[in-house]
Amino acid sequence: MFWRTVCGRAYPRVIGSQREKSWIFFEILLPLLQVTAYVFIYRAIEAPPEFLGFVVLGGAMSAYWLNVLWSMASQLYWEKETGNLELYIVAPTSRMAILLGMALGGMFQTTLRAAAIVTIGSLLFRVPMTVTNVPVLLGVFLTTLVALYGLGMMLSSLFLLFGREAWHFSNLLQEPVSLVSGFYFPVRALGQVIAAAASALPITLGLDAMRQLLFPSMMESLRFLSAEVELGILTGSAVVFLLLAHRALAHFEKLARREGRLTVRGQ
Amino acid sequence: MMPSDRRFHETLRSFRVAAWLGWQIESNWADPFVFAIYSLVKPLAGALILVFMYAVIAKGGVNSPLFPAVFVGNAMFIYVPAVLAGISWTIIDDREHYGMLKYVYTAPVSVFAYLVGRGVAKAAVATVAVVVTLLLGTLALSVPIRLAGIDWLLIVGALVSGCVMLSLFGILLGGVTLVTARHNYGVGEAVAGGLYLLCGVVFPLDTLPSWLEVVGRGLPITYWIEAVRRALLGAGTPAFDGLSNGALLGVVVGSTVILAGLAVGTFRLAERRARARGLLDMQTMY
């Protein structure tokens, strides 16, 4: 039942979302517009070409962050608004399986978009990437995704209690996270203290490590921590976020049931 | 036919009530302190991304000669998604979320005044964000805005015509939103994102490839932002050196007049289509 639920919840994201071609277009176009604007800023101030790569990679990873915010964290709020949440609750299955299905489907869905952004961005702006260590790069990327979607699952449980503020909260977490996670510049520029605090978000360390592995010479003087250390921290974060998501789901579901918030709409 | 003074009062009443409703929807989900933080954090973070991009690379960091024009352009652009996407978003919000659009149409209200009124709350929040961002620039980043040096006539003219222009863009998009399903969420953001890129908001327009620069020069928002830069900083970007302040403002006002016909015409056409196809109470569940 657990894995059937996972597959069932992932299905609309893996298959269903590919059916609406205009969504694919918008989901690739919107981050690309932002990426292109930031690329032209770096061109205007005559930055080395590697910085264009920083922006392209940041734009691709921002697709994952937006997916976590809008399709993970806020998802149970949308389900509440459309009347699906009570069906989830009465269904004889694990709510963790539903969250996991959402996460796996979201990862797949976003990976197609992110790959398109990296490919189009790299070709369009002639980004000079040098992959130094493919296995470590893949390890960092996958661990970042697991930790990031673990965080998304945890936020999703927290948002069970939210009404309209869920929408505003997700909206609020876009630009500030782009800033503190260094989506468009190396996070070290923010200083050690802010970069350390921002490391609580897996995407901060994931981006820094991937940049080190793709642009090694440029990142020598701009890296925050070494890629190996960042991979270690990301692995720890992934485990912690998944455990916290499990605990948070049980706790917040109980609280939402007690306070009668599971079925309140238009709040 | 309704007498013109009665129509005027109805328009005014629709605008006033819509503005109040918009403000409630925008702000009453949180206490005023949380709402104030929410309203400021996003635009300030956007501005700081630029600051750090300059600080990491540009020779002289934020003291680079390009920075003030870029900073002011970015600050003023806060209005664009707020007003433009805000007005078109009202259609989605009222139709899909609250299910109220059909009641708006059955009530004795002016739909244009209602839509613009709903945009006013977002414009008010955006105004606070713009002012705070400009204050940050002036006080902490040496952006040279001096009260005595501001061209008040130009700034008032640019702000008034700019707000009207953005509202009309919003109504145009609102018309598109009325007759579309499932694409709604992308339309406003895509248009705002495209304008951010094409209007030379955060880099000189001549940085764009020549064919994109031509497109940028065809958009009135480009001239509006340039006019505001000149009004606040005393100088704009070299791309518009050949145009006087009056010519810049003339382009903004002229294109606003053209846009008015286009926006109202498109909205009316979309409205007729939406009524005929029963789209006013469409629920796409997206």
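The values are calculated or read from the model by the stated rules, or taken from the named source; none is laboratory data. Since this is a predicted model, take the numbers as computed values, not measurements. Note: ideal-geometry Cβ built from the backbone for every residue, glycine included; neighbour counts use all protein chains shown.
Residues in segment A:224-249 that are surrounded by 13 or more Cβ atoms within 10 Å (Cβ to Cβ) and under 26 Å from residue A:82 (Cα atoms): 4 in all. Assess whether residue B:254 counts as being farther than 30 Å from residue A:66 by Cβ, touching a residue at least 12 places away in the same chain (Cβ under 8 Å), surrounded by fewer than 18 Cβ atoms within 10 Å (Cβ to Cβ) and not hydroxyl-bearing (Ser, Thr, Tyr). No, not satisfied.
Taking segment A:134-156 as the range and being surrounded by fewer than 14 Cβ atoms within 10 Å (Cβ to Cβ) and in contact (Cβ under 8 Å) with a residue 12 or more places away in the chain as the test, no residue passes. Just one of (1) at the interface with another protein chain (Cβ under 10 Å from one of its Cβ atoms); (2) over 30 Å from residue A:58 (Cβ atoms) fails for residue B:64. It is (2). Restricting A:170, A:181 to residues that are buried (at least 24 other Cβ atoms within 10 Å of the Cβ) and either touching a residue at least 60 places away in the same chain (Cβ under 8 Å) or within 27 Å of residue A:246 (Cβ to Cβ) (or both) narrows the list to A:181. Residues in segment B:92-142 that are crowded, with 17+ Cβ neighbours inside 10 Å, assigned to a loop (DSSP other than H, G, I, E, B) and out of contact with any Asp or Glu (no Cβ under 9 Å at 6 or more places or on another chain): B:141 alone. Working only within segment A:61-87, note down all residues that are free of Cβ contacts under 8 Å to residues at least 12 places away in the same chain and either within 17 Å of residue A:152 (Cβ to Cβ) or in a helix (DSSP H, G or I) (or both). Result: A:78, A:79, A:82, A:87. Can you spot a residue in segment B:220-227 that is among the aromatic types (Phe, Trp, Tyr), in a helix (DSSP H, G or I), within 29 Å of residue B:152 (Cβ to Cβ) and at pLDDT below 90? No - not one qualifying residue is present in segment B:220-227. Looking at segment A:44-57, can you tell me whether even one residue there is surrounded by fewer than 24 Cβ atoms within 10 Å (Cβ to Cβ), of a type in the set (Gly, Ala, Ser), facing another protein chain (nearest Cβ under 9 Å) and assigned to a helix (DSSP H, G or I)? Yes, that holds for at least one residue. Can you spot a residue in segment B:196-204 that is in a helix (DSSP H, G or I) and more than 20 Å from residue B:169 (Cα to Cα)? No: segment B:196-204 contains no residue that is in a helix (DSSP H, G or I) and more than 20 Å from residue B:169 (Cα to Cα).
Out of the residues in segment B:16-58 meeting the condition of being in contact with a Gly (Cβ under 9 Å, 6 or more places away or on another chain) and within 7 Å of chain A (Cβ to nearest Cβ), tell me which one is surrounded by the most Cβ atoms within 10 Å (Cβ to Cβ). Per the stated criteria, the residue is B:54. Specify the residue that is nearest to the other protein chains (Cβ to nearest Cβ); the eligible residues are those in segment A:186-223 that are surrounded by fewer than 18 Cβ atoms within 10 Å (Cβ to Cβ) and among the aliphatic types (A, V, I, L, M). Among those residues, the one meeting the criterion is A:189. Give B:261, B:242 a once-over and let me know the one that is under 30 Å from residue B:153 (Cα atoms), without any contact (Cβ under 8 Å) to a residue 40 or more places away in the chain, exposed (fewer than 13 other Cβ atoms within 10 Å of the Cβ) and within 19 Å of the chain's Cα centre (by Cα). Of B:261, B:242, the one residue that is under 30 Å from residue B:153 (Cα atoms), without any contact (Cβ under 8 Å) to a residue 40 or more places away in the chain, exposed (fewer than 13 other Cβ atoms within 10 Å of the Cβ) and within 19 Å of the chain's Cα centre (by Cα) is B:261. Looking only at residues that are at the interface with chain B (Cβ under 7 Å from one of its Cβ atoms) and part of a helix (DSSP H, G or I) in segment A:15-37, which one is surrounded by the fewest Cβ atoms within 10 Å (Cβ to Cβ)? Among those that are at the interface with chain B (Cβ under 7 Å from one of its Cβ atoms) and part of a helix (DSSP H, G or I), it is A:22.
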